[in-house]
Amino acid sequence: MTIFRTYILPRYIAAILLPVLLVTACTKESEKLPWSLITSFQLADAGGNPLQAAITANEIIIYWPFGQPMPAEMTPVITVSEKAVVSPATGIKVPLKSGTNYAVTAENGNSTAYKVRIVSSQPYPVINTPDMGYQFITPGIPTNLSALYVIPDPAQTHISLISAAGKKIPMAIDSITRERIYYKYPAPIDSGRYTLMLETGIYTINRKSDLYVRNTEPALEDYGQLRVKRGDTFTLKAQGLGVITEALLILNAQGETQRIEVIGNTQTAVTLKIPAAIPAATYAYGIVLNDRYYAYENYIGLEQPVTVTP
């Protein structure tokens with residue numbers, strides 16, 4: 001009896017365990033890995049040195065060094081989970097910009113999407129010159145802008161004039177120091193209103209104040225000793241006029257004035273009318289015009305007598 005049990009038991013156990021072992025082995029062979037992660041993302045900076053990106057749940061964050069020019073493309077070396085595949089593949093050239101997409105597919109088909117985000121260590125530039133309401137500039141004249149945290153490389157820092165119509169006019173930069181940008185207004189520049197735009201690295205700053213170019217200064221032409229009657233309309237020649245908003249006759253050195261009517265004007269002429277009720281007199285200090293050029297108010301005139309008769 002004892003001999004029978006010793007002989008039969010191992011064969012019995014083997015018969016039971018063999019199918020279980022076969023099923024387990026087949027199951028393990030059919031299982032595929034589920035991991036779809038980027039574990040390392042490395043590229044080269046502008047100097048060829050390795051730059052390691054930070055990997056979050058769905059972002060590849062590249063901290064680009066301050067002061068280095070950023071190329072348009074990168075060729076990263078990418079490491080992913082075991083048996084996973086990344087697209088675009090490691091070593092493939094792609095745009096170096098925020099929004100570039102990657103997808104990692106696991107052996108079992110699971111997929112994780114990643115998006116590149118560029119973060120610069122460049123601080124936001126500070127322009128120290130206060131924003132005034134307006135400023136007149138002279139074409140061809142050297143000038144400078146007080147600014148901090150500007151990249152001292154003319155290839156990465158640019159200053160331009162932007163016209164009222166949106167035209168961009170680049171200006172030549174002579175030098176950049178820690179606190180100032182030295183540049184020159186181009187010549188010629190058309191008369192008009194402009195704003196200043198600073199581009200440095202990843203930042204673009206548009207100044208709020210207006211810059212005016214006025215290539216022809218306003219002036220009345222010599223009209224001699226003018227004689228007009230009450231109610232008369234007459235035209236005087238001029239140059240470089242803006243919008244004439246007011247006209248006065250100056251009676252004496254004490255500044256006594258009489259307002260006359262502005263009918264209209266062009267850049268080269270102004271048409272005026274003598275009111276019917278104005279006192280008849282010789283206005284010894286002549287005509288003064290209020291010339292408005294955009295927001296700028298400028299009084300011009302000639303101290304030549306104007307005689308008003310009844």
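The values are calculated or read from the model by the stated rules, or taken from the named source; none is laboratory data. Bear in mind the structure is a predicted one, so any value in this text is a computation, not a measurement. For neighbour counting, all protein chains shown are included, and Cβ atoms are generated from backbone atoms with ideal geometry for every residue, glycine included. Side chains included, ligands, DNA and RNA excluded: accessible areas come from the protein's heavy atoms. Shrake-Rupley method; radii C 1.70, N 1.55, O 1.52, S 1.80 Å.
Annotation: Tyr194 fulfils all but one of (1) within 25 Å of the chain's Cα centre (by Cα); (2) outside any strand (DSSP E or B); (3) not acidic (Asp, Glu); the unmet one is (2).
Among residues of region 220-248 that are within 15 Å of Ala276 (Cα to Cα), those with a Cβ under 8 angstrom from a residue that is among the aromatic types (Phe, Trp, Tyr) and open to solvent by 20 Å² or more (accessible area, probe 1.4 Å), sequence gap 6+ or separate chain, pair up as Val228/Phe234. Contact annotation: residue pairs with Cβ atoms under 6 Å, 6 or more positions apart or on different chains, pairing a residue in region 42-71 that is farther than 24 Å from Pro154 by Cβ and without any contact (Cβ under 8 Å) to a residue 60 or more places away in the chain with a partner that is among the hydrophobic types (A, V, I, L, M, F, W, C) and open to solvent by 80 Å² or more (accessible area, probe 1.4 Å), are Gln42/Val77. Taking region 199-216 as the range and being assigned to a loop (DSSP other than H, G, I, E, B), closer than 23 Å to Thr138 by Cβ, in contact with a Phe, Trp or Tyr (Cβ under 8 Å, 6 or more places away or on another chain) and not polar (S, T, N, Q) as the test, only Arg214 passes. Criterion applied to Leu302, Leu249 was being over 30 Å from Ala164 (Cβ atoms) and modelled with pLDDT under 95, and the one residue passing it is Leu302.
Conditions tested, residue by residue: (1) open to solvent by 30 Å² or more (accessible area, probe 1.4 Å); (2) modelled with pLDDT of 95 or more.
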residue	(1), (2)
Ser191	yes, no
Leu198	no, yes
Ile202	yes, no
Asn206	yes, no
Ser209	no, no
Glu217	yes, no
Leu220	no, yes
Gly231	yes, yes
Leu236	no, yes
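In summary, strands (runs of 3 or more DSSP E) completely within region 57-144 and bearing 3 or more residues that are of a type in the set (Ser, Thr, Tyr) and open to solvent by less than 40 Å² (accessible area, probe 1.4 Å) occur at 111-120. Remark: Ala172 matches the filter, which requires a residue to be over 16 Å from the mean Cα position of the chain (by Cα) and aliphatic (A, V, I, L, M).
When Leu161 is tested against (1) part of a strand (DSSP E or B); (2) over 16 Å from the mean Cα position of the chain (by Cα), just one condition goes unmet, and that condition is (2).
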